Amino acid sequence: MPITYDPTNGIFHLQAADTSYVMKVLSSGTLAHLYWGRALRGNHLSSLLRHFDKNYRKELFQIDFEEQLDQCPCEYPSFGSTDFRPPAIEVRAADGSSLVDLRYSSHTITRGKPRLPGLPATYVEDPAEADTLHICLHDRRLGLEVCLSHTIYRDHGAVARSLCVTNRSLEPIRLERVLSFVLDLKHHTWDILSLSGSWARERAYHRQRLSSGNFSIESTRGTSSHQQSPFLALAHPEATELTGDVYGFSLVYSGNFLAQVAVDQFDTTRLLMGINPFDFSWQLEPGASFQAPEVIGVASSSGLEGMSRTFHDLYRSRLARGRWRDRERPILVNNWEATYFDFNAEKLLEIARVGAELGVELFVLDDGWFKDRNRDNSSLGDWVVDRKKLPEGLQPLARKMNEFGLSFGLWIEPEMISPDSDLYRAHPDYCLHVKNAHRTQLRNQLVLDLTRPEVRDRIVEAITQVLEQAPISYVKWDMNRPLTELGSPTLPAAQQREVGHRYVLGVYEMMERITSRFPDVLFESCSGGGGRFDGGILYYMPQTWASDNMDPKDRLRIQWSTSLVFPPSSIGAHVCSSPNHITGRTTPLATRGAVAMAGAFGYELDLTRLTEEERQLARAQISLFKSVRDLVQFGDLYRLCSPYTTNAGAFCYVSRDRARAFVVYVRLEAVANSSVTTLRLRGLDPDCTYHIVETGEDLGGDQLMYAGIALPSLSSDLASVTLRLEKRPS
Ligand code: DGJ
């Protein structure tokens, strides 16, 4: 994975897997972006500049766009000269000016990949896994240095980009926009793919065409949000799941973000991504630096599948961390939809006993276990056990679960404070607030001011005490409201617009401290369902609850689109009761199970209320999932049918050695008098024969992939089929 620099023509050529990323230092010092896509051999790369030269010039050295930056494909554009497109950086200098003029000053190429201070990012375990190029750009007038980092990996066809801005002047400089990734592409008609929605409808797949003007998605809620995901892809209009050019961008950050696409007058498309400049600024004192978060970019020439495969492999192995990264995740039962706040130790133990009988491995005690928490209107911040519900405390309860053969997990919501709590009564200033302004309660709670170290210390201490109290092996870290009244009394007026980003940094610091203090605990992130499903959180917690909506019809879609970026091992998926508590829809248990087998599998219903027949089915589901869990969580995922564009959702999980596969097919609506459904599999070895466990047939990998497999008839709405394939010895 070489990174080369040719001083004779100023060309940087980054070659990773089968891609090339090309930049050039123009004679003016502007850093131009020339190309990103399928690998180029590397000759004559300067001529790529001509693609952007409106007045074709024979002599390449004449093209430097000095007075025509709006024609120049810029690697890190600014505003104030002749580039009128959206900039990557905006500042306010001490003299009030905002012009930024960045020119190349130096570069270094290093092995490996440095960590980003205070921020989550992809990493390497051995310096031989990646190379990093640092290019410093300098604005001489301002004394401002922008150091861009581009990392390419030996085993992953992605580029990681971030940057650090340093004030080398003697005056403060206010940063008003510092985006992490910019890409100017010589093509103007793209399909933009984004994942948008709402609570219980997270990350719905949207594909829309843009050939002129602007498109953007953003979050202003303080978290990455239910409404938009910090992901965007540009797909060639003819690109499909399997073919065509797709550029995917995923921001490794959990707060307000912006992703913007702008098509200009000369048919160049500019993509920008990073921290949302809206309501953001950062006071950069002389000598100080600001680190912007990382964006992972993937250029795929094999459609959405190629893009997702790169994201999955990288995120599963070099963004997620810790002892659970590579371990199969326990099958859990969570009591939330079984009891909500209304439970006692006996009820929990009854559910756990049935769970253990069925083969469940972990019991998760959700919200309501702490003092006086009988509704969602009190006690957040007071992390002491409710002796009325659990008179003996957490430890004996956990021990009893252990005696059943289950490990024990606990829900927490460390970032919040209830006005009705001892913590708030003692420290009413501990929440985010603006002096003399109303404090908006959402779900009856306020958000802790995690910009303050003393608040973080207090919470880390309280949570540590809880987790030390009992044999807790899993934690569900919830976060149930957006940020409002963004203000902190401890920051001066000039820094109040830093609160949003400082909050995110505070969350990361707390997560780092708590997860490293309890390295054996499996942490699952949650935010009112899937309101903070992003790469930033994945760095601290290897799985995230995808949505509160477990209705299999909706959940199939949510999981399909979540899998565009995130690997199955990171997707929490549970079987709910029927009718579903959110949609009211009645659905078959078999399909609820099949859909929940798409990641970290579990149950979230009152198992004691299952009929004997349902228990048998749940027992069979659990045993099936145990037999394919390694494929689902650590194999390769192939999306066979999209529930957004067809009447079915189907996934195939294949082991890395292609010896085993697991297929899930769900038909959304029954079709009267329909013919046989044939499903073409992918990822198998065409030269081998596979035994299909459920039907007893032996069929060739070639036949299964090229002709397909005929599925048993499906006669009702939401009918499903699961199949296991095992390679026959040749
Ligand atoms: C929101 C989560 O998404 C639910 O699963 C549950 O944990 C509740 N919070 C508890 O308050």
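The values are calculated or read from the model by the stated rules, or taken from the named source; none is laboratory data. Predicted, not measured: the structure shown is a model, and the values here were computed from it. Glycine gets a Cβ as well: all are built from the backbone with ideal geometry, and neighbour counts include every protein chain shown.
Remarks
- The number of residues in the range 603-624 that are crowded, with 21+ Cβ neighbours inside 10 Å, within 27 Å of A670 (Cβ to Cβ) and hydrophobic (A, V, I, L, M, F, W, C) comes to 2.
- From the options D376, D342, residue that is over 21 Å from P414 (Cα atoms), of a type in the set (D, E) and assigned to a loop (DSSP other than H, G, I, E, B): D342
- Look at the range 608-637: where a residue is of a type in the set (D, E, K, R) and a partner is loosely packed, with under 15 Cβ neighbours inside 10 Å, sitting 6+ places away or on another chain with Cβ atoms under 9 Å, you get R615/E357; R619/E357; D636/R656.
- Taking the range 537-557 as the range and being within 16 Å of the ligand (Cβ to nearest atom) and under 16 Å from L251 (Cβ atoms) as the test, the residues that pass are I537, T544.
Yes/no matrix, rows are residues, columns are (1) closer than 30 Å to D18 by Cα; (2) charged (D, E, K, R); (3) part of a strand (DSSP E or B); (4) touching a Ser or Thr at 6+ places or on another chain (Cβ under 6 Å):
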position: G255; (1), (2), (3), (4): no, no, no, no
position: D267; (1), (2), (3), (4): yes, yes, no, no
position: A320; (1), (2), (3), (4): yes, no, no, no
position: V333; (1), (2), (3), (4): no, no, yes, no
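- S106, sole failed condition from (1) in contact (Cβ under 8 Å) with a residue 40 or more places away in the chain; (2) not in a loop (DSSP other than H, G, I, E, B): (1)
- Residue check for V447: of a type in the set (A, V, I, L, M) and surrounded by fewer than 24 Cβ atoms within 10 Å (Cβ to Cβ): no
- Qualifying residue in the range 498-514 (condition: within 16 Å of the ligand (Cβ to nearest atom) and either in contact with a strand residue (DSSP E or B) (Cβ under 8 Å, 6 or more places away or on another chain) or at positive phi (or both)): no
- Flag for D534 being within 16 Å of the ligand (Cβ to nearest atom) and at pLDDT 95 or above: yes
- The criterion of being touching a residue at least 60 places away in the same chain (Cβ under 8 Å), more than 16 Å from the ligand (Cβ to nearest atom) and in a loop (DSSP other than H, G, I, E, B) holds for E328.
- Elements of type strands (runs of 3 or more DSSP E) contained in the range 1-92, each with 3 or more residues being over 27 Å from A235 (Cβ atoms) and either touching a residue at least 60 places away in the same chain (Cβ under 8 Å) or more than 34 Å from the chain's Cα centre (by Cα) (or both): 3-6, 89-92
- Residue match in the range 496-508 (condition: in contact with a Ser or Thr (Cβ under 8 Å, 6 or more places away or on another chain) and exposed (fewer than 15 other Cβ atoms within 10 Å of the Cβ)): no
- Restricting S300, S224 to residues that are under 23 Å from Q559 (Cα atoms) and in contact with a Lys or Arg (Cβ under 6 Å, 6 or more places away or on another chain) narrows the list to S224.
- Members of the range 480-496 found to be assigned to a loop (DSSP other than H, G, I, E, B) and more than 16 Å from the ligand (Cβ to nearest atom), listed by number: L483, T484, E485, L486, G487, S488, P489, T490, L491, P492
- Restricting the range 353-373 to residues that are near the ligand (Cβ under 10 Å from one of its atoms) and part of a loop (DSSP other than H, G, I, E, B), the residue that is nearest to R609 (Cα to Cα): D366
- For E403: the one exception among (1) in contact (Cβ under 8 Å) with a residue 40 or more places away in the chain; (2) within 21 Å of I472 (Cβ to Cβ): (1)
- Residue list for the range 437-479, restricted to those being within 16 Å of the ligand (Cβ to nearest atom) and free of Cβ contacts under 8 Å to residues at least 24 places away in the same chain: Q441
- Test for V460: is it in contact with a helix residue (DSSP H, G or I) (Cβ under 7 Å, 6 or more places away or on another chain) and either of a type outside the set (G, A, S) or at pLDDT 95 or above (or both): yes
- Subset of the range 1-54 [at pLDDT below 95, among the acidic types (D, E) and more than 16 Å from S300 (Cα to Cα)]: D53
To keep it simple, each residue is scored yes or no on (1) buried (at least 17 other Cβ atoms within 10 Å of the Cβ); (2) touching a Pro at 6+ places or on another chain (Cβ under 7 Å); (3) farther than 30 Å from R309 by Cα; (4) acidic (D, E).
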{"residue": "Q15", "(1), (2), (3), (4)": "yes, yes, no, no"}
{"residue": "H33", "(1), (2), (3), (4)": "yes, yes, no, no"}
{"residue": "G42", "(1), (2), (3), (4)": "no, no, no, no"}
{"residue": "D64", "(1), (2), (3), (4)": "yes, no, yes, yes"}
{"residue": "L69", "(1), (2), (3), (4)": "yes, no, yes, no"}
{"residue": "C74", "(1), (2), (3), (4)": "yes, no, no, no"}
{"residue": "V100", "(1), (2), (3), (4)": "yes, no, yes, no"}
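- For beta carbons closer than 7 Å, sequence separation of 6+ or different chains, a first residue in the range 538-554 that is free of Cβ contacts under 8 Å to residues at least 24 places away in the same chain and a second that is not aromatic (F, W, Y), there are no qualifying pairs.
- Single residue of the range 583-610 satisfying the filter (in a loop (DSSP other than H, G, I, E, B) and among the hydrophobic types (A, V, I, L, M, F, W, C)) that is nearest to the ligand (Cβ to nearest atom): L605
- Consider the range 487-508 and keep the residues that are aliphatic (A, V, I, L, M) and touching a Lys or Arg at 6+ places or on another chain (Cβ under 8 Å). The one that is nearest to E328 (Cα to Cα) is L491.
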